[in-house]
Amino acid sequence: MDPQTVFCPNSDCPARGQTGQGNIHVHSLKEQRYFCDVCGKTFTARKGTVFYRLRTNLDQVTLVLALLSHGCPVCAIVFAFGLDERTVRDWEHRAGQHSEQIHQHLVQRPRDLGQVQADEIRVKMQKVIVWLAMAMQVSTRLWLGATLGEHRDGTLVTELIHRVRAAALCRPLLFCIDGFQAYLGAIHSVFREPIPTRSIGRPSLRPWDGIYIAQVVKQYAQGHVIDVLRRVVQGTSAQVNHLVQTTQGHGVINTAYIERLNATFRSRLAGLVRRGRCLLQQTATLQAGVYLVGTVYNFCTYHETLRVPLYVGRAGRTHWVSRTPAMAAGITDHLWSVSELLGYHVPPSHWIPAKQRGRPSLATKKLIKRWC
Ligand SMILES: [Zn+2]
């Protein structure tokens, strides 16, 4: 137990979320508890992780969730481990919510995305059809998040584009999408920023510079693609081709990368299989499953196309360094294990003192000076 790497998870504590400040001490080695001398509370080392208050062996929980994140059906896990189905679903929900927090904390940080591809999947659930929209950064294969909706409409797509914007720097950015027209309005409405004025009222909004949109429209006949129409909707062909070359290295405008990722999700999430008997009942289960699979994909899985040559050996054999999408994006420097992912502590936001009338007290001033 190293108190220097731990932060206080108490939401009322001024020191919440801050490590290495000397306020955390070991309270009990046997019970794995820490003590915060700012708020005077103790907390367990598992607080804020998937394992918090679970009585089952942690290795078994990790194994079950690793299997779930690679497409193993829940009924198979129930049969193999002798667990109750509700227990497995509860762990999946916990892991999904935890993965979503990690995604928001580590992936949804502004970065130069270059090219983003987005697409939607039709998901058959029990008695209902839902749509799952996802986006990815092409150069690092980083999964940028997903949104769920009952209809394939502007609301679904706008929510997805908001997630992309949360991970985007104001740099040249190419969207490669299918022929769904709702993307155009969503990108125009989300990628805007207010023009600063000194007057009262809502400021005018101006679109971001350097947003390019390209569409790939496939024409089908009897279930087969007979023609592919590529068109630049926003920007010039030269600008779009330049971004395609810098982010892919070769090729033309396409949506192949997100379609390949869709196939990965379909194979790794039992509920997304096209023809199967493991149909899901609740969208919350689907949301949890998608975020678990997506975060395991980003952090715990080497991507073959992301490997880089390290050196050439004596026999002329090239030695490679494998990378995960999160490593390629500079989020982490190593392959995460599933237990590391499930045991990761997402820090809460820094403490902000509550607004109050009058001058703050000396004690409050000291707290603000130290922790803000
Ligand atoms: Zn505290």
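The values are calculated or read from the model by the stated rules, or taken from the named source; none is laboratory data. Just so it is clear, the model here is predicted, and its values are computed rather than measured. Reconstructed Cβ throughout: ideal geometry from the backbone, glycine too, with neighbour counts over all protein chains shown. Keep in mind that these areas ignore ligands, DNA and RNA; they rest on the heavy atoms of the full protein, side chains included. Shrake-Rupley method; radii C 1.70, N 1.55, O 1.52, S 1.80 Å.
Considering each residue of region 191-231, count those that are in a strand (DSSP E or B) and either touching a residue at least 60 places away in the same chain (Cβ under 8 Å) or open to solvent by 80 Å² or more (accessible area, probe 1.4 Å) (or both), and give that number. Going through region 191-231 one residue at a time, the tally reaches 9. Of all residues assigned to region 227-235, at least one qualifies as being under 26 Å from Phe175 (Cα atoms), among the small types (Gly, Ala, Ser) and over 27 Å from the mean Cα position of the chain (by Cα).
Of the residues Trp371, Trp351, Trp320, only one is aromatic (Phe, Trp, Tyr) and open to solvent by 80 Å² or more (accessible area, probe 1.4 Å); which? Matching residue, one of Trp371, Trp351, Trp320: Trp320. Condition check for Pro73 on (1) open to solvent by less than 10 Å² (accessible area, probe 1.4 Å); (2) touching a residue at least 24 places away in the same chain (Cβ under 8 Å): one failure, at (1).
Condition check ((1) modelled with pLDDT of 95 or more; (2) within 17 Å of Gln287 (Cα to Cα); (3) within 16 Å of the ligand (Cβ to nearest atom); (4) open to solvent by less than 70 Å² (accessible area, probe 1.4 Å)) across all residues:
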{"residue": "Gly17", "(1), (2), (3), (4)": "no, no, yes, yes"}
{"residue": "Val26", "(1), (2), (3), (4)": "no, no, yes, yes"}
{"residue": "Glu31", "(1), (2), (3), (4)": "no, no, no, no"}
{"residue": "Asp37", "(1), (2), (3), (4)": "no, no, yes, no"}
{"residue": "Lys41", "(1), (2), (3), (4)": "no, no, yes, no"}
{"residue": "Val64", "(1), (2), (3), (4)": "yes, no, no, yes"}
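Within region 297-317, the set of residues being in contact with a Leu (Cβ under 7 Å, 6 or more places away or on another chain) and either assigned to a strand (DSSP E or B) or open to solvent by 90 Å² or more (accessible area, probe 1.4 Å) (or both) comprises Tyr302 only. Scanning region 235-279 for residues that are farther than 16 Å from Arg141 by Cβ and assigned to a loop (DSSP other than H, G, I, E, B) returns Gly235, Thr236, Val252, Ile253, Leu269, Val273, Arg274, Arg275, Gly276, Arg277, Cys278, Leu279. Among the residues of region 123-161, count how many are part of a helix (DSSP H, G or I) and under 13 Å from the mean Cα position of the chain (by Cα). Qualifying residue count, region 123-161: 1.
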